[in-house]
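Student: Following this message is one structure expressed as structure tokens.
Values in this text are rule-based calculations from the coordinates and carry no lab data. Predicted, not measured: the structure shown is a model, and the values here were computed from it. No Cβ is skipped: glycine too gets one built from the backbone with ideal geometry, and neighbour counts run over all protein chains shown.
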Amino acid sequence: MLSEVNLKKFEELKKRYPTLKALILPVLWMIQEQEGYISMESMRYVSELLKVPYGHVFGVVSFYTMFHQRPVGKHHIQLCTNISCSLLGAERLYNRLTGKLKVKAGGVTSDKKFSLEEVECLGSCGTAPMMMINGEFYENLDEARIDRILGMLK
Amino acid sequence: MRRASIESWECLSKMEDLNLILPNIPHLHRLPTYEEYGGGYQALRKALGMKPEDVVEEVKKSGLRGRGGACFPTGLKWSFMPKQAEKTKYLCANGDESEPGTFKDRQIFEFNPHLFIEGSLIAAYAMGVKTTYVYLRGEYHRWSKLLQRAIDEAYEKGYIGENILGSGFSTEMYIHRGAGAYICGEESALMNSLEGERGYPRVRPPFPAQFGLWGCPTTINNIETLANVPIIINRGADWYSKIGALKHTGTLLFGLSGHVQKPGVYELPTGVLLTDLIDEYGGGVPGEKKIKAIIPGGSSTKVLRGDEIDGLKMDAESLKAVGTSIGTGGVVVMDEDTDIAKVIWRITKFYHHESCGQCTPCREGTGWMEKILERIWRGEGRAEDLDLLLDVANNIEGNTICALGDAAAWPVQSFLKKFHSEFEARVKRSAIAAVS
Ligand SMILES: Cc1cc2nc3c(=O)[nH]c(=O)nc-3n(C[C@H](O)[C@H](O)[C@H](O)COP(=O)(O)O)c2cc1C
Ligand code: SF4
Ligand code: FES
């Protein structure tokens, strides 16, 4: 369910669009920010809130790669392995991350502290290689920086 | 007090490094600085005093072409919008920026957001647009906040909203956040995504100017395209059209990445030599290695070999003449040690991942190409694989609803063609390894 603050935001956002359905991405974002992921229950809630079928909500959630259908780690690490990052050693960084965290891409550490994902170009090719952790960009990476960043994350 | 600086930018900088979009002015992202030293919404004031159709005419005359990849003439696109319309008209500012090798619009949000906002407002006035949605890729959350702050500042000062600057013209501007899908940068998928659908591209016709967002007249423009508009209105189309190449005017924000000493975004007039971009601005290739390959305008554009780039100018017509395109201006440099098979496999993996799956040739074809390329790269390719690859690519090209299909086929076709002997040697080696 949307929190009270977010419900207010929702009422404000309604004025921006001619249909309720257009609010699906904004509402899903609010839910993911509240709960960390989008559960089936949340999807049912969104379906009622926006008066669209459940199947539609599910279709939208599964279409976009940034929506999580199950919890991710406290620190969600997304490493870009696309061309510019790959040319500058993204693979080495991937090996470093998997070695240290003992999970592969798609996995969550057993203490739920970290999850790792391989992602496409994030628009930081000029500061490659890079990764994103909980939405923050970490650029110009090398193995030593990865170690330092992981060490800093509690 | 020092005032209105677009004038003085010209004196400050040589014509070759004409920084119109990203001038080196500290704190330009804040409205007071933009008002004093940047464009300062003077162009908006000027445009509001003109007839909307004269604004469109001025943009046409400037020669401005879209910076989102397709190079479509901007003024012409605007003129497709119906003059009178009972229906609401919309503008979508495309900030999805997900083409690998592309990272330029981000700089505008960070360093000169008001220039973009002002350009969108002028576009809105010229086309009678009621609402502008700025579609931002989900990952640009930080830049979304920066842009939102600038939009709020502009609302407060009365540059956006009701009765702008007393002109009687009213228009709104909202950010809409995407959620991770390259395809949503494609204009019709973007509209579906905004409407709350999955981001599936639409079959055209009808075109957006007739039947766009919620069936209403809509124009989609790239962020950088819109950022050029205040400059054109301020300085006039005649002045602007003298910058850069004759048929592709203005400056471009070139994104330089890969094997160069100083990667980054460089604003330079169109028509700059590719070798100058790489050597003078980018500081050349590390270790003075030779260049093996260059992707000239984002991952969708056809690759060039290092021995093809002498004297090559970076503008739409010059690149077309050598069989590729300027795309988004994202230049990726690869040195002599680069594993070409791995690069094209990685690019193809991207397109396969991002295919929305509506058209069979794209959905299946990108998957096959990825698989074949992976085995070639890993040294398990077969002799017939090269022909098979080309077949699959040719079968995608031109047979799909949107241009993602072509965007996936072109890199494969061009890598195979430009590095044919290398691919042949690779599959031959695999064959020998397999029998011995
Ligand atoms: C698969 C695909 C992805 C695209 N992604 C973007 C994008 O991220 N940003 C963009 O401005 N244009 C993108 N485009 C091009 C848009 O469809 C459209 O041509 C452009 O936004 C129009 O703006 P312009 O005329 O100002 O260039 C993409 C096209 C395709 C086929
Ligand atoms: S070409 Fe590919 S991405 Fe475009 S509509 Fe068809 S399947 Fe979808
Ligand atoms: S390729 Fe990694 S950010 Fe663009």
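Student: Considering the convex hull of the alpha carbon atoms of the stretch B:25-147, report its projected area averaged over all viewing directions, in nm², one decimal.
Tutor: If you wrap the Cα atoms of the stretch B:25-147 in a convex hull and average its projections, you get 8.5 nm².
Student: Which residues' amide hydrogens lie under 5 Å from the amide hydrogen of B:Asn222, considering only partners 5 or more residues apart or on another chain, with H built in the peptide plane?
Tutor: B:Arg67, B:Gly68, B:Asn94
Student: Order by neighbour count: B:Met81, A:Met30, fewest other Cβ atoms within 10 Å first, most last.
Tutor: Final ranking by Cβ density, sparse to dense: A:Met30, B:Met81.
Student: While we're here: At most 13 other Cβ atoms within 10 Å and a DSSP loop assignment: could you name the trypsin sites (Lys or Arg not before Pro) in the stretch A:1-84 that fit? Let's see the in-between values first.
Tutor: Numbers: sites: A:Lys8, A:Lys9, A:Lys14, A:Lys15, A:Arg16, A:Lys21, A:Arg44, A:Lys51, A:Lys74; in loops: A:Lys15, A:Arg16, A:Lys51, A:Lys74.
Loop-located and lightly packed - A:Lys15, A:Lys51.
Student: Whole-Hz ³J(HN,Hα) for each residue in the stretch B:358-365, computed from phi via Karplus 6.51 cos²θ - 1.76 cosθ + 1.60 with θ = phi - 60°, x for glycine and proline: what do you get?
Tutor: Ordered by residue, 3J(HN,Hα) equals 5, 9, 4, x, 6, 4, 6, x Hz.
Student: Further, regarding this structure: For n ≥ 4 DSSP H runs only, could you compute -39500 (n - 2.57) per run for chain B, divide by its residues and tell me the 222 nm figure to the nearest 500?
Tutor: Dividing the helical sum by the residues of chain B leaves -12500 deg cm²/dmol.
Student: Same structure again: Over the Cα atoms of chain A, compute the convex hull volume and normalise it per residue, giving Å³.
Tutor: About 130 Å³ per residue, rounded to a whole number.
Student: Moving to a separate point now. So, in nm, how far is label B:Met50 from label B:Asp391 when the simple model puts each one 7 Å beyond its Cα toward the Cβ?
Tutor: 5.5
Student: Step through the table entries B:Lys130/B:Lys302; B:Lys51/B:Lys145; A:Lys14/B:Lys349; B:Lys290/B:Lys342; B:Lys46/B:Lys157; A:Lys15/A:Lys113, compare each Cα-Cα distance with 28 Å, and write down the pairs that go over it.
Tutor: B:Lys130/B:Lys302; B:Lys51/B:Lys145; A:Lys14/B:Lys349; A:Lys15/A:Lys113
Student: Considering chain B as a Gaussian network with a 10 Å cut-off on Cα pairs, which listed residue, B:Leu48, B:Leu246, B:Leu373, attains the greatest mean-square fluctuation?
Tutor: In the Gaussian network model the winner is B:Leu246.
Student: Treating the stretch B:79-159 as a set of equal point scatterers at the Cα positions, no solvent, please give the Debye-formula log₁₀ I(q)/I(0) at q = 0.21, 0.27 Å⁻¹.
Tutor: -1.01, -1.34
Student: What residues have an amide H closer than 5 Å to that of B:Lys302, excluding those fewer than 5 places away on the same chain, when H is modeled at 1.01 Å from N in the peptide plane?
Tutor: Counting only residues 5 or more places away or on other chains, the set is B:Ser325.
Student: Starting from the stretch B:257-335, pick out the trypsin sites (Lys or Arg not before Pro) whose DSSP state is loop and whose Cβ has at most 15 other Cβ atoms within 10 Å.
Tutor: Hits after loop and neighbour filter: B:Lys289, B:Lys290.
Student: Considering the Cα positions of chain B, please state its Rg to one decimal place and its Dmax as a whole number of Å.
Tutor: Just the Cα atoms of chain B yield Rg and Dmax of 22.4, 82 Å.
Student: In terms of the Cα gyration tensor, with a ≥ b ≥ c the square roots of its eigenvalues, is the stretch A:58-106 rounded because a/c is under 1.5, prolate because a/b exceeds b/c, or oblate?
Tutor: Oblate.
Student: Scan the stretch B:327-436 for GluC sites (Glu not before Pro) in coil per DSSP, keeping those whose Cβ has at most 15 other Cβ atoms within 10 Å, and list them by number.
Tutor: Here the GluC sites (Glu not before Pro) that fit, given the DSSP loop and packing criteria, are B:Glu336, B:Glu380, B:Glu384.
Student: Based on the alpha-carbon set only, what is the convex hull volume of the protein assembly as shown divided per residue, in Å³?
Tutor: Output value, Cα hull per residue: 164 Å³.
Student: Additional query: Compare B:Val229, B:Val59, B:Val203 in a GNM of chain B, Cα atoms joined below 10 Å, and give the one with the largest fluctuation.
Tutor: Taking springs between Cα atoms under 10 Å, the residue moving most is B:Val203.
Student: Local charge sum around B:Arg142 (other residues, Cβ-Cβ under 15 Å, Lys/Arg +1, Asp/Glu -1)?
Tutor: Result for the local shell: -2.
Student: Placing +1 at every Lys and Arg Cβ and -1 at every Asp and Glu Cβ, with all other atoms neutral, what dipole size does chain A have around its Cα centre, in debye to the nearest 20?
Tutor: 240
Student: Another question, if that's okay. GNM, chain A, Cα, under 10 Å: largest mean-square fluctuation among A:Ile83, A:Ile38, A:Ile133?
Tutor: In this elastic network of chain A, the residue with the biggest mean-square fluctuation among A:Ile83, A:Ile38, A:Ile133 is A:Ile83.
Student: Listing B:Tyr34, A:Tyr94, B:Tyr155 from the residue with the fewest other Cβ atoms within 10 Å to the one with the most, what is the order?
Tutor: B:Tyr155, A:Tyr94, B:Tyr34
Student: What are the residues whose amide H is under 5 Å from the amide H of A:Gly107, where those residues sit 5 or more places off or on another chain and H is modelled from the backbone?
Tutor: A:Leu116
Student: For the stretch B:27-64 and the stretch B:363-393, what is the separation of their Cα centres, given in Å?
Tutor: Distance between centres, Cα-based: 50 Å.
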